[in-house]
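The values are calculated or read from the model by the stated rules, or taken from the named source; none is laboratory data. Given the structure is predicted, the values throughout are model-derived calculations rather than measurements. Glycine gets a Cβ as well: all are built from the backbone with ideal geometry, and neighbour counts include every protein chain shown.
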Amino acid sequence: MAPAAWQFCVTFIAVIRLSFSTDHLLKMECKGQHKSVFGQDTKLECFLKSPYNEFTIIKLLWKKENTEDALFKFFSGMADPGNDPRFERLQPGNCTDVSLLVKNTKITDEGKYTCLAVTDRGHAIAETILSVSAPYTNPVMSSMPAKNIRDDMTVTMFCNVSGGYPEGRIQWYDEYNTDWTRSSETQSVQTKDRRYNLTSTFTVTASSTTKQYSCSVFNSDDLKEGEQELNLMFGPDKQEGDSNTTAVAAVFVVVGALASGILVLALLRRRRLRGPPLSHPVETEEPLEVETK
Ligand SMILES: *[C@@H]1O[C@H](CO)[C@@H](O)[C@H](O)[C@H]1NC(C)=O
Ligand SMILES: *[C@@H]1O[C@H](CO)[C@@H](O)[C@H](O)[C@H]1NC(C)=O
């Protein structure tokens, strides 16, 4: 392998593991990327690797980028929790598992963490990155006006979701699966804990709209997290009543047609059976037979 390529490989491996050691004797290995969910506990996994069976941790330090104070300190056999009790070491004492436990993970816990260990066999340092996500609530839909919608009205529909992170998006469909997202407008506000509330609005004119719409919320990985349907409530004088009457009328027409058809057939049959005794002229029988075919 060419020296440049070799160097690239070595660098690459070092970056992937996000770990390095100051000598060849002691190493720290961390999972490079940790993903967690808002409100859950997170383990930032790091392990000391040493060819020696025994070594003594003199000092252990967990820090987060852009923060002054250590999140956790272990020094001369004593654990010194930082200011935030949500951070603690997973295993106590002189253990090769130096993982940090983050309780009730918050969005603000996202970022790069560094762990440093000083032992009687040398020291080692490693980094790991934490990303946090939060699921959106299922959409809540509403319309203005909510009911008694008349043909001359414009109707604004709402699709609200809350508490998600990172920022997601909302998509609109009608009952024929036509995508109306481009005609909608979505606003997002960030809550104090950095999660997002999304409010999407979509306005239609009552005279030219379909009755049913649905909205879906997608997270930042483009995965659908929830879906909801809304049926627009048209006024009592319109739609519902009218369409029901029409449907009933249609049923009567069909049933009526069938009944009269059956009646005609029955009559014809009777006539044919009784034909000869009634002594009708044979000629009148012929055209009737043609008709029934
Ligand atoms: C959705 O949000 C809008 C704007 O904040 C609000 O007017 C509407 O009432 C909300 N709808 C529901 C069902 O919460
Ligand atoms: C976000 O939505 C939640 C739930 O509906 C609500 O309690 C909270 O006040 C909203 N926050 C903002 C900043 O709109």
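Please go through the range 119-135 and pick out each residue that is farther than 14 Å from residue 63 by Cβ and part of a strand (DSSP E or B).
Looking only at the range 119-135, we keep the residues that are farther than 14 Å from residue 63 by Cβ, and these are 119-124, 131-135.
Hits for the range 119-135 are 119, 120, 122, 123, 124, 131, 132, 133, 134.
The condition of being in a strand (DSSP E or B) and either more than 26 Å from the chain's Cα centre (by Cα) or within 30 Å of residue 180 (Cα to Cα) (or both) holds for residue 115.
Could you please find all residues in the range 185-212 being of a type in the set (A, V, I, L, M) and more than 16 Å from ligand 1 (Cβ to nearest atom)?
Those that are of a type in the set (A, V, I, L, M) and more than 16 Å from ligand 1 (Cβ to nearest atom): 204, 206.
Given the criterion over 30 Å from residue 164 (Cβ atoms), in contact (Cβ under 8 Å) with a residue 40 or more places away in the chain and hydrophobic (A, V, I, L, M, F, W, C), identify the matching residue among 129, 125, 107.
On the way: 129 fails: over 30 Å from residue 164 (Cβ atoms); 107 fails: over 30 Å from residue 164 (Cβ atoms).
Going through 129, 125, 107 in turn, the sole match is 125.
When restricted to residues that are more than 15 Å from ligand 1 (Cβ to nearest atom), farther than 17 Å from residue 39 by Cβ and of a type in the set (Phe, Trp, Tyr), the range 145-179 contains 2.
Of the residues examined, residue 142 is not one that is over 18 Å from residue 206 (Cβ atoms), within 16 Å of ligand 2 (Cβ to nearest atom) and out of contact with any Pro (no Cβ under 8 Å at 6 or more places or on another chain). Scanning the range 161-179 for residues that are in a strand (DSSP E or B), surrounded by 12 or more Cβ atoms within 10 Å (Cβ to Cβ) and on the phi < 0 side of the Ramachandran plot yields 161, 162, 164, 165, 169, 170, 171, 172, 173, 174.
Give, as residue ranges, the strands (runs of 3 or more DSSP E) completely inside the range 19-91 that count at least 1 residues that are more than 36 Å from the chain's Cα centre (by Cα), under 21 Å from residue 119 (Cβ atoms) and modelled with pLDDT of 90 or more. Once the strands (runs of 3 or more DSSP E) in the range 19-91 are filtered for at least 1 residues that are more than 36 Å from the chain's Cα centre (by Cα), under 21 Å from residue 119 (Cβ atoms) and modelled with pLDDT of 90 or more, what remains is 27-30, 46-49, 57-64. Residue 182 meets each of the listed conditions (1) of a type outside the set (Asp, Glu); (2) within 16 Å of ligand 1 (Cβ to nearest atom); (3) surrounded by fewer than 13 Cβ atoms within 10 Å (Cβ to Cβ); (4) modelled with pLDDT of 95 or more apart from (2).
Scanning the range 194-211 for residues that are part of a strand (DSSP E or B), hydrophobic (A, V, I, L, M, F, W, C) and either more than 14 Å from ligand 2 (Cβ to nearest atom) or within 15 Å of residue 229 (Cβ to Cβ) (or both) yields 202, 204.
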